[in-house]
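The values are calculated or read from the model by the stated rules, or taken from the named source; none is laboratory data. Only a predicted model underlies this, so the values are computations on that prediction, with no experimental measurement involved. Don't worry about glycine lacking a Cβ; one is built from the backbone with ideal geometry, like all the others, and counts go over all protein chains shown.
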Amino acid sequence: MTVTALSSISPQLELEAGKVVGLVGAPGSGLTRLGFGLLRDQPGWVACIDVRGWLNPTVLWDMGVPTERVVVVRCPDSRSWPQVTATLVEGMGAVYAEVPSGVAVPMLRRLSALARARGTPVVLRPVDGDLPAGVTHLRLEAQEVEWEGAGEGRGRLRDRRFTLAATGKGVGGVRQLIEVEDDGSDTMRVVSRLAVAMPGRAVG
């Protein structure tokens, strides 16, 4: 298997101007670090919207995001979240946003349209459930997570390996499985990539 730096995979695991990447999966599956890793090469100011109160700015630093150019906004309220996020999409170089439960589908689609109009790359991470079709250019769903280094309840965790199912226009409508290795350093590595479906209609 080939091991490559996450940032060298293009366009599947790089942010593009005006495009929305959706990260879907359970807590602990590595998606927050993955999302922060996508921000590391973005120019200008970066905004992170924290819904759960879990966001630790040191993780941004660990992933190579210049924290002097990061704004962290706490917004757990689904009613104010669309306006807060839209304001940041209009004024920031890139946005990572946790999505609270209860945000209406039309609001998410308007946000996607605003990102396209402003040319702002956006990463959306729903805290519960999925994102509706038509919102994302690329959807990455964490499917399997394996931890290494601890056995029978003992030992130090050394490594996490997880599989992403990539779908949408960002992969040309071809569903792909992407295996990523995370050893806790500032670089995640793509271990392998496999196309598992013939091209079809690309959906968000």
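Take the conditions charged (D, E, K, R), at pLDDT 70 or above, surrounded by 12 or more Cβ atoms within 10 Å (Cβ to Cβ) and closer than 24 Å to V180 by Cα and apply them to R118. Does it pass? Criteria not met by R118. Only a single item in (1) over 21 Å from P27 (Cβ atoms); (2) at pLDDT 75 or above is not met by G129, and it is number (1).
Residues that are closer than 19 Å to D130 by Cα, touching a strand residue (DSSP E or B) at 6+ places or on another chain (Cβ under 7 Å) and modelled with pLDDT under 90 number at least 2 in the following helices (runs of 4 or more DSSP H) confined to the range 1-104: 31-39.
From the list S112, S101, S78, the one residue that fits, being surrounded by 13 or more Cβ atoms within 10 Å (Cβ to Cβ) and without any contact (Cβ under 8 Å) to a residue 40 or more places away in the chain, is S78.
For the range 59-74, a residue qualifies if it is buried (at least 18 other Cβ atoms within 10 Å of the Cβ) and closer than 19 Å to A86 by Cα, and exactly one does: V70.
In the range 189-203, of all residues being at pLDDT below 60 and of a type in the set (V, I, T), the one that is nearest to D41 (Cα to Cα) corresponds to V203. No other residue among A104, A97, A86 is aliphatic (A, V, I, L, M) and within 13 Å of T32 (Cα to Cα) apart from A97. Looking at the range 51-58, is at least one residue surrounded by fewer than 18 Cβ atoms within 10 Å (Cβ to Cβ) and β-branched (V, I, T)? Yes, there is a match, as at least one residue in the range 51-58 is surrounded by fewer than 18 Cβ atoms within 10 Å (Cβ to Cβ) and β-branched (V, I, T).
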